[in-house]
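Notes to accompany the following structure.
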Amino acid sequence: MIIKRRHHKVPGLNTTATADISFMLLIFFLVASSMDLDKGLARVLPPADDEEQKVETLVERDQLFTVTLTADNRYLLNDQPVDLPTFHRQAADFMLKQGAEHIIMIDAAPTSSYDAYFAIQNELAAVYRDVRNTLARNTYGKGYAQLNESQRAAIRQQCPQRIAENLIPGESR
């Protein structure tokens, strides 16, 4: 007697639904995840020129408010260590006293961390916001955000954003 061998077929998986499932998962994760937009500091940078332009400006000592960021990420005000809340209060008092003639000088060591540098920048932005709110309340009886454009321009003229940075030649942050 002759025995015939049967050929067994391996059953296959039906994969038509996996494409649909993976597409649905992709849509779910795109919708469920947050897409934060990067926010930056509003600063006007000087134009990039091949030649260095140096303009000397005479500034009176009492109009200059200097904050120093050391290499070990400490903040100094007139060579005295200061924390950010104290810096905030003293900077606001200085701006209100000097008015439009103030200049804030940031002297940062090139080896200081970006976090410490941006913390002082954020604190300065908060100081300007608070000072402009104070001026708006004293002048118009409402906050800076509630003013119309001409009133905001008048407040910005009373308290312009005047920040200077002391850059060390040949070194960059």
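The values are calculated or read from the model by the stated rules, or taken from the named source; none is laboratory data. All values derive from a computational prediction rather than experimental measurement. Here Cβ is always computed from backbone atoms with ideal geometry, including for glycine, and neighbour counts include all displayed protein chains. We work out accessible area using only protein heavy atoms, side chains counted, and drop any ligands, DNA or RNA first. Shrake-Rupley method; radii C 1.70, N 1.55, O 1.52, S 1.80 Å.
In segment 25-83, counting only strands (runs of 3 or more DSSP E) that sit wholly within it, the ones holding 1 or more residues that are under 22 Å from Ala108 (Cα atoms), among the aromatic types (Phe, Trp, Tyr) and at pLDDT 80 or above span 64-69, 75-77.
Tyr128 passes every criterion in (1) more than 19 Å from Leu64 (Cβ to Cβ); (2) at pLDDT 90 or above apart from (1).
Is it true that Val82 is under 16 Å from Gln158 (Cα atoms) and surrounded by 15 or more Cβ atoms within 10 Å (Cβ to Cβ)? Considered against the rule, which asks whether it is under 16 Å from Gln158 (Cα atoms) and surrounded by 15 or more Cβ atoms within 10 Å (Cβ to Cβ), Val82 comes out as no.
Number of residues in segment 100-151 that are assigned to a loop (DSSP other than H, G, I, E, B), open to solvent by less than 30 Å² (accessible area, probe 1.4 Å) and without any contact (Cβ under 8 Å) to a residue 40 or more places away in the chain equals 2.
Restrict the check to segment 143-156 and report whether at least one residue is under 19 Å from the mean Cα position of the chain (by Cα), farther than 18 Å from Gln63 by Cα and of a type in the set (A, V, I, L, M). Looking through segment 143-156, none of the residues is under 19 Å from the mean Cα position of the chain (by Cα), farther than 18 Å from Gln63 by Cα and of a type in the set (A, V, I, L, M).
The number of residues in segment 90-135 that are within 30 Å of Asn148 (Cβ to Cβ), polar (S, T, N, Q) and within 18 Å of the chain's Cα centre (by Cα) comes to 2.
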